[in-house]
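J.: Please see the structure below; I have some questions.
The values are calculated or read from the model by the stated rules, or taken from the named source; none is laboratory data. Here the structure is a predicted model, which is why all the values come from computation and not from measurement. Using ideal geometry, Cβ is built from the backbone for each residue, glycine included, and neighbour counts are taken over all protein chains shown.
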Amino acid sequence: MDHQGGHYLNKAAVLSPLGAARMTQLFLGCSIMALVSHGAGYSASYGIFCMFTWCFCFAVTLVVFALDVTRLHACVPISWDNLTVAFAMLATLMYVTASVVYPVYFLESECPAEGCVVWGYRIAVTVCSGLGCFPYGAEVLLTRAKPGAVVGYMATVSGLLKVVQAFVACIIFGALANDDRYTDYVATQYCVVVYSLCFTLTVATVALTVSGRTAALPFPFDRFVVVYTFFAVVLYLSTALVWPIFSFDRKYGTSERPEDCPPGACVWDSKLVVAVFTNVNMVLYFVDLVYSQRIRFVSNSAV
């Protein structure tokens, strides 16, 4: 018992829907790592990404669960609620991606050369990874902002969208890593600058919120978020127009996929991925801008 009469251990961290979700995350994460290490295997950059996703999410979840049970998170100089909901959103996105990537590259329609036993392990990994998306998604739903509740910024729709925007930008950067031809034109270089600038500001916003340093800014945080989100919409709109022209127009590139383009290392595919996710992020920033205005309006009305 502490000096205030409370328990040292937080039973609610275990005996609650949120605790059940985190224990399920740990169970599935441990099962996946055991299956991959024992028989399923992984290789190449895609396999390394999947294994990193499962190990990273398991390690952070274990730390979060342990700090919550022992109440030691109060000793950490961060905004705990903002950190946990931001990580849960990121883990959900990473698990969804790994659940798609792993079977595409490692689960053939027939038994691989290593034998049908390996194929069975890979099926089990795919199933467990797919199931792992749900407890992380459940944590996001359990901790997100409810009507009338006072919560951290990351628990709002706008805060969660920041995590999604940063993740989508990482997908764009991954595609650009397979396409060094964007340096051929100033216009495509401009697009890369836009992706980098918006990504940096988004990550900085998340970092300031999680660290609890938003009050230290020399200007209102909510105004900063709205203004930079507005410019992000405008900048992404320009890239959504410029990138396809300098990637698929016959004057600068090719509008059809080359027949000799190797799967997984095709520059044309990378350009298409960049074009698609540029539009995805543009929509995300626009929705973020609309919702940020709504948050600001409700806040002003409440005052």
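J.: Quick one: how many residues across the stretch 191-200 are in contact (Cβ under 8 Å) with a residue 24 or more places away in the chain and buried (at least 17 other Cβ atoms within 10 Å of the Cβ)?
T.: Residues that pass the stated criteria total 5.
J.: Can you find even one residue in the stretch 197-216 that is touching an Asp or Glu at 6+ places or on another chain (Cβ under 8 Å), at pLDDT 90 or above and β-branched (V, I, T)?
T.: No, every residue in the stretch 197-216 fails to be touching an Asp or Glu at 6+ places or on another chain (Cβ under 8 Å), at pLDDT 90 or above and β-branched (V, I, T).
J.: Give the residues of the stretch 194-210 that are in contact with a Ser or Thr (Cβ under 7 Å, 6 or more places away or on another chain) and over 14 Å from Y236 (Cα atoms), sorted by residue number.
T.: Scanning the stretch 194-210 gives L208, T209, V210.
J.: Go through the stretch 224-239 and give me each residue that's free of Cβ contacts under 8 Å to residues at least 40 places away in the same chain and either closer than 22 Å to Y185 by Cα or not in a helix (DSSP H, G or I) (or both).
T.: V234
J.: Further, regarding this structure: When you check A169 against the structure, is it within 25 Å of the chain's Cα centre (by Cα), within 18 Å of M89 (Cβ to Cβ), at pLDDT 90 or above and small (G, A, S), yes or no?
T.: Yes: the conditions hold for A169.
J.: Say we look at the stretch 47-72 and pick out the residues that are buried (at least 16 other Cβ atoms within 10 Å of the Cβ) and among the hydroxyl-bearing types (S, T, Y); which of these is nearest to the chain's Cα centre (by Cα)?
T.: Among those that are buried (at least 16 other Cβ atoms within 10 Å of the Cβ) and among the hydroxyl-bearing types (S, T, Y), it is T53.
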